[in-house]
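Inspection log for the structure reproduced underneath, given as structure tokens.
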Amino acid sequence: MNAYTRQCAGRQGGAVGTPPPASGLLPEATGPDGRTAEHSGLDQLGGFAAAQLGRLCDVVGIDAPRRTAHQQVLCDLLGPAAARPLASPPPSPSFVSDDHTPVEFSLTFPMGADVVLRVLAEPGCAARTLSGNARTAWAAVGRLAAQWGFRLDELTRVSDLFLPPVPHGPFTLWCALELRPGGPPGLKLYLNPGVRGADRSLETVEEAMARLGHGPAFEPVRCYLRSRFPERATLMFFALDVGPWAEPRVKVYVVHHDATAADAGDAARLVPGACPDRVADLCRRIGGDGPFSRLPLISCYSFTGADTGSPTGHSIYVPVRAYVRDDQEARDHAVRLLREYGVPSDPLDRALAALTARHLSAGVGLISYLSLVQAGRQAPRITAYFSSEAYRAFPPRDDTGPGPGPEAAADGRSATNPARSAGASADQ
Ligand code: TRP
């Protein structure tokens, strides 16, 4: 446990209104100066985000000792950023979320199984340069792997591709934790395909897929990309599952620029068994036929051990925040979608209440994405992504038409699409 861990995790017992755990994981519920935990924590980034995480753990039934451990890991990942007062600007212009909070939460709703909570963080967010960001993030992953006994063989095999001497933005490496009720979290790493320059992102991912033995399975996606890159399709993430996953995946995230709902459906055709109509229907119900120009639709192709000659899973990410007036509308989309897939939606409402006390209709962006995963014979799965809003909530949109229009208030990054301009900044 380091200073940040003790500091912000120690405050959580009070912050979430639950007693400190008896396990002794958190020796200090109050600071050395006698200030109460909740008094000093919630106005700092780590304390604020860890309190949200604690309440979300309660929603999914994670017990108190484990909840505390998860909060500690989150604060560890944030490093020096955890202790930053929220009154100061964000530690860096993090691409994790629109208000630059370097944390994002998500709840996934598998059919017939319990909801699963995940948290994404940018470990290098406090660094002043992108090189420093990369060094910090890779070191954080090394520490987590050592702590949990995870091997990093795949990451090591592609490290030269994703850790160049001079990285390009908008990020280097993010970590997501899947918080299960038992055992250590599942760890997922998100790397930047454009880290050696956005113009080289396709060759970077091709090489990484070949090295990991997924060259033949990547071929259909490669062909799809080759004919559209970079005007109509770019690459956003290259992701690796690390540790004891039942079926570890390598994932490639493709951004569809100005795509229609039908185009998104077509993108799912690269995956045998994925239903294009389901994908197009989901897009259509949120943004109409399109084109989706305010924020782009994103596909994720997943690849598992056995090389089948094609990707084994497809996910569509719909940036719902750019196509609704406010979060009440986004929530209503999510609830209808969950109902249609036969999944109880009450954890969604409880999660929203765990994140913020504001009215859902008072802002937009709390629900950032809704996604649908189709993989092999598994039942389709809906996931909702949540912003922390540690720094700000965006006002409701004035105009909710699906076509091109004024910049999305929820975007918060002006009309520039960071995925397209990723190569523009070599160092922050
Ligand atoms: N904030 C970025 C975006 O909205 C990156 C990102 C965060 C993202 N979480 C995501 C992209 C989930 C796709 C899915 O694009």
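Please treat every number below as a calculation from the coordinates, not as lab data. Here the structure is a predicted model, which means the values were calculated and not measured. As a convention, Cβ positions derive from the backbone with ideal geometry for all residues, glycine included, and neighbour counts pool all protein chains shown.
Structure data summary
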read-out: Contour minus Cα-Cα distance for Asp346 and Leu86 (0.36 nm per residue); value: 90.6 nm
read-out: Footprinting exposure proxy for Trp138, Trp174 (fewest neighbouring C-beta atoms within 10 Å first); value: Trp138, Trp174
read-out: Residue order, fewest to most surrounding Cβ atoms within 10 angstrom, among Thr129, Thr312; value: Thr129, Thr312
read-out: Length gained when the stretch Ala246-Arg377 is fully extended (0.36 nm per residue, less Cα-Cα span); value: 45.7 nm
read-out: Ranking of Met111, Met209, Met236 by count of other Cβ atoms within 10 Å, fewest first; value: Met111, Met209, Met236
read-out: Gain in span if fully extended, Arg143 to Asp160, counting 0.36 nm per residue against the direct Cα distance; value: 4.2 nm
